[in-house]
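All remarks here apply to the structure that follows.
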Amino acid sequence: MSLTLRNIIAIYYNRPESQDKSIAHQGNELSPQINSTRERVTISLTSVDPKIRLLILTLNCYALTSLSKLKHMHVTVIDKD
C-alpha cells in the first residue's frame with residue numbers, strides 16, 4: 001500500500017475535525033484534582049470513508065522532554081457500534 005498526502009487525514013490542534021466529521025479531537029479536559037489533562041479523540045468507524053485502510057494514532061507531548069515521564073497515561077479504545 002502506498003501512502004501519499006492525498007491519502008492522509010490529519011487531526012491536530014488547529015484542525016480538530018476531519019472534513020467528513022468521522023474523526024474529531026474533543027479538546028483538552030483539565031483535571032486540577034490530579035494535575036493532569038485528558039484528551040479525547042473520537043472516530044466513528046462506520047462514517048470513515050471505506051477507502052481508508054489504515055488508522056494511525058500518535059501521541060505528542062510538548063510539556064515534557066520524554067513521554068516516559070508521563071504518569072498514569074493510557075489509551076482506551078471503545079467500539080460504540
Pairs with Cβ under 9 Å, 6+ apart, first in region 41-59 and in contact (Cβ under 8 Å) with a residue 40 or more places away in the chain and closer than 15 Å to residue 10 by Cα, second surrounded by 10 or more Cβ atoms within 10 Å (Cβ to Cβ) and of a type in the set (Ser, Thr, Tyr) | 52/22
Considering region 17-26, residues that are touching a strand residue (DSSP E or B) at 6+ places or on another chain (Cβ under 8 Å) and farther than 17 Å from residue 56 by Cβ, and then whichever is most open to solvent (accessible area, probe 1.4 Å), we arrive at 26
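The values are calculated or read from the model by the stated rules, or taken from the named source; none is laboratory data. What you are looking at is a predicted structure, and each value in this text was computed from that prediction instead of being measured. All Cβ positions, glycine included, derive from the backbone under ideal geometry; neighbour counts span all protein chains shown. Accessible surface is based on the protein model in full, side chains and every heavy atom, while ligands, DNA and RNA are left aside. Shrake-Rupley method; radii C 1.70, N 1.55, O 1.52, S 1.80 Å.
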